[in-house]
Structures are given as C-alpha cells and as structure tokens.
Amino acid sequence: GKNEYDLLIIGGGSGGLACAKEAAQFGRKVAVLDYVEPSPQGTKWGLGGTCVNVGCIPKKLMHQAALLGSALKDAQHYGWNIAQPVHHTWSVMAQAVQNYVKSLNWGHRVQLQDKKVKYFNMKGSFSDPHTIRGLTKAGKETVVTAENIVIATGGRPKYPTHIAGALEYGITSDDLFWLKESPGKTLTPFVFNVSLECAGFLTGIGLDTTVMMRSIPLRGFDQQMASLVTEHMESYGTKFLKKCFPTKVEKLESNRLQVTWKNTDLGTEETDSFDTVMWAVGRAPDTETLNLEKVGVKTNSETGKIIVDASEATSVPHIYAVGDITEGRPELTPTAIAAGKLLAQRLFGQSLELMDYDNVPTTVFTPLEYGCVGLSEEAAVQCYGSDNIEVYHAYYKPLEFTVAERDAAQCYMKMVCLREREQRILGLHFIGPNAGEVTQGFALGIKCGATYPQLMKTIGIHPTCAEEITKLHITKRSGLDATVTGC
C-alpha cells in the first residue's frame, strides 16, 4: 500500500525540524513526531529540542546575565556610579529566559504549520521499517506510515545511578534552566562543557558554586586551553575539588543535600552540604523506546548511538539518522541543522552533497569564553608528529581589561599549523571575550584551507582581541616569551 508521508521525522529538535522544513520546500508530504519525556525531577518543555529548551539558548542568556554582573564591576572604573552591593534576582532572570524559550516553541509550531508539515505531539516507535506507532501523553495511539524515516531524537543527560541518592536528589541541565527559584549553593560533579558553563554563570550571578572533577576538564578539547579556562574560573570564585569523585548524596532534615566524596590524591573521605547537586556526566542517546532492534537499525553497543554512513543512512535502507543520536558526529546544533537540510536535499532535490564534518567551529561559554576550530594541539601531533607541527601562540590583554584593571593571565590564543612550506592552518584556539564571534570569522578561512602566510597578510581591526590572531609570530618551539606588549 501507499505510504501516507514521503518523510516522517522522529524528534523535533534542531536536526529534525531543519530536515522537515527543507523537505517541505520540495512540496513533499512531511510529518514530525516530537515528545518530551519529563526529566526524573518532572521538568518538561515544548517543541524545539535540547538547544532551544535546555541547551544553547537558555545557557547563553544566563551566561550573558553573569557577564553583565562583571560589567557592573568594571563600570565603576569607567566612571559609572553604581550603588553597592549589587544583587541578582534569579526569578526575574529565569522568568525572562523561560518566556523567550516558550516563544521559540510557539515559533517552531507556527513554522511547521506554514510549511504544511504535520506535527504530532507523540512518542514514536517502530512497528515495521515503514510504520511508526505514535502514543500521546494520554495513551492514545496513532499509526503513521512513511516512505522515508529520519531518526533525530538526540540525547538526554545521564545520571550516575551507581551513586546512592543521585537520582532522587540530583538535577541535571534539563532542570537547571527551568528552576523558578535560585539553586543556591551548588555542586556540579564531573566536568563536561555544560557543567563548566553552568558553574561559570552560577558563580557570576553570585552563587557559591563548586565543580568536582575526577580527571581532566573538557575532555575532547585542547587540554592546555581547558586548563586555562578552569584556572580563570578558579581565580574568579568557582571552587574546584580536583581528583575527587562523589560516593553518595543524602537529604538532611534542613532539606539540604549532604554529599560524600573520595579524594583520590589524599585517600580521604570528605563531606559538605549543598542546596543543589547538578550532575553533568555526559549525555545518552534517546533510543530506548524506538524499537530499533525490531527493524534492524544497528547501534554502537557501547554508546547506544546509531551507526550511519556519510549520507546519514542507517543499516536499513530509507531509514536515516541525524544529530546527536548518530555515532561519531559532533554534538552540536549547527551540524545537526546542516546535516538535516542536506539529507532532505539529497532525498528530494537531486543533490549529491554530503555533510562535511571537518573544521567545525565551536565555543565553550565559560566566564572567559573558549572558541576553537580544527585540530587540538594533541590531535595535530598525533596525526602529523610533533616535528611536523608549528604552534604560534600569544598571551594578550584585551583593551577593555586595562582601565577596569582586570587580570588577563588566561587570555591566550594559539594557532596550530603544518610546518611544511605552505604552513596550512590545522587549528585555531582562542580564549577571551566574545570567543564565539572571533572564532566564527576565522572558521571561514580555515575551512577554505588558509595558510599561515595568508594570515600574516590579513590586516587586523584595531584595537580588537581578534586582531591579535593576525599578529601571531612567536612559536612554542622558539621558547620565547609569548606575551604581547605595546599597542
């Protein structure tokens, strides 16, 4: 029999929505199923996926709240009379952020309607390779058939269920952004970028915040840069418990949470009480209820992610997957969006263009931002050998920091290049204000195969932080002091 839809997408996040809207442009019959399972703490949200509801959008807005707090301190040096002490009200910020997120949820629904994409607020699972069974919150069932199916269900934060009390008393980033009241004194064990970003803005708005890390910060990122990021956070008031891991969480009569942890360096057991414990143990793909094994969609048994080829195709013809759910792809909104659009163009628009996952820029929105594109120094050395790599680097002071007498010890950048004649740029790493904006601009050049000599011919915009990249001339190999002085 004929299928109802040309394309059915399970998951209304960045990748799924982009794919649906693009397919609709080709006049195809498209449907989207999206359902948010409430977090263990009962938090739920609307259409749009992680980025819109519990990721990039609320995170950047709360990061901005913290930056404004720093700006208030700086302002006095610039002649602004600001009554001290300044005080931050969580509920005002949270309400404003949550209202904006709800407007985005509504906007996504309107866009789907405008493009004649059918939206089902249902949880989908496979009955057979072309049939999806959708269940509403009330348990009402709808069966939908489609010629092509795209899985774009993304991931959800993991809980360390081996730790007593973790699930009962802890929250994750899924909950933090929807809290009505301040989280108060907060502990965030384990160090993924989201935990550092959240700890950074919580400290920035004046909360007592502690990060517990067992090993390295920002796994997968350049480790020299990661260390500078955490050093800066420490100097600005975030506490770090290093070489420590939690063993249990208990609720006290006062409703506070008592956390017990082991210090592996000292071999001791320690405790302290907190108002909130926010786990950041990484994310797990949201595949459990999809019934993938029934239709033969192969997953990586270790990660649970769906195995796809270069065209986002799974092991079953006509079933595809995009975004965080896919094995070996960066867990980033813009890559999911681009992959979703290109997939729709290949399916319905005679395109052959594949998604290119090389040189994808990204930024960690810690109090001092860290932006990067291309290879880390470690990865470059691993790929090409240390003798074939040249690293240009500089410590610099943003002009804005001078009058405000702000410490710029961690404002640093480095460019990883091949050493051979043309000196192609392999990676750029930048820590400083507006790192995302800076990195985005240079990402184009690096995507186009920019070389170090070309960079040296690029005129900087004076006086900006990004300008310092166009003046990088000291190599790590030389051993010379990499501090920028003068204008």
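When the residues of region 153-193 are filtered to those that are within 19 Å of C244 (Cβ to Cβ) and assigned to a helix (DSSP H, G or I), which remaining residue is least open to solvent (accessible area, probe 1.4 Å)?
A166
If you check E288, E293, E269, which single one turns out to be of a type in the set (D, E, K, R), touching a residue at least 12 places away in the same chain (Cβ under 8 Å) and out of contact with any Leu (no Cβ under 7 Å at 6 or more places or on another chain)?
After ruling out the rest, the residue left standing is E269.
Condition check ((1) in a strand (DSSP E or B); (2) crowded, with 20+ Cβ neighbours inside 10 Å; (3) under 29 Å from the mean Cα position of the chain (by Cα)) across all residues:
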site: V391; (1), (2), (3): yes, yes, yes
site: E405; (1), (2), (3): no, no, no
site: M413; (1), (2), (3): yes, yes, yes
site: G427; (1), (2), (3): yes, yes, yes
site: E467; (1), (2), (3): no, no, yes
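Return yes when T276 is assigned by the TED database to the domain that holds I132, open to solvent by less than 70 Å² (accessible area, probe 1.4 Å) and in contact with a strand residue (DSSP E or B) (Cβ under 9 Å, 6 or more places away or on another chain) and no when it is not.
no
Quick check: is even one residue across region 331-349 closer than 25 Å to L68 by Cβ and outside the structural domain of H232 (by the TED database)?
Yes.
Residue by residue, here is whether (1) in the same structural domain as E197 (by the TED database); (2) touching a residue at least 60 places away in the same chain (Cβ under 8 Å); (3) among the aliphatic types (A, V, I, L, M) holds:
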position	(1), (2), (3)
I425	no, no, yes
I431	no, yes, yes
G436	no, yes, no
F442	no, yes, no
G445	no, no, no
T451	no, no, no
M456	no, no, yes
E468	no, yes, no
H473	no, yes, no
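When the residues of region 320-349 are narrowed to those that are over 17 Å from P157 (Cα atoms) and touching a Lys or Arg at 6+ places or on another chain (Cβ under 7 Å), which ends up surrounded by the most Cβ atoms within 10 Å (Cβ to Cβ)?
Filtering region 320-349 for residues that are over 17 Å from P157 (Cα atoms) and touching a Lys or Arg at 6+ places or on another chain (Cβ under 7 Å), the one surrounded by the most Cβ atoms within 10 Å (Cβ to Cβ) comes out as T335.
Looking at region 284-319 only, could you name the residues that are aliphatic (A, V, I, L, M), surrounded by 15 or more Cβ atoms within 10 Å (Cβ to Cβ) and outside any helix (DSSP H, G or I)?
Across region 284-319, the qualifying residues are A284, V297, I306, I307, V308, A313, V316, I319.
The values are calculated or read from the model by the stated rules, or taken from the named source; none is laboratory data. Given the structure is predicted, the values throughout are model-derived calculations rather than measurements. Cβ sites come from the backbone with ideal geometry, for glycine too, and all protein chains shown count toward neighbours. Ligands, DNA and RNA are stripped out before the accessible areas are found, and what is left, the full protein with its side chains, is counted by its heavy atoms. Shrake-Rupley method; radii C 1.70, N 1.55, O 1.52, S 1.80 Å.
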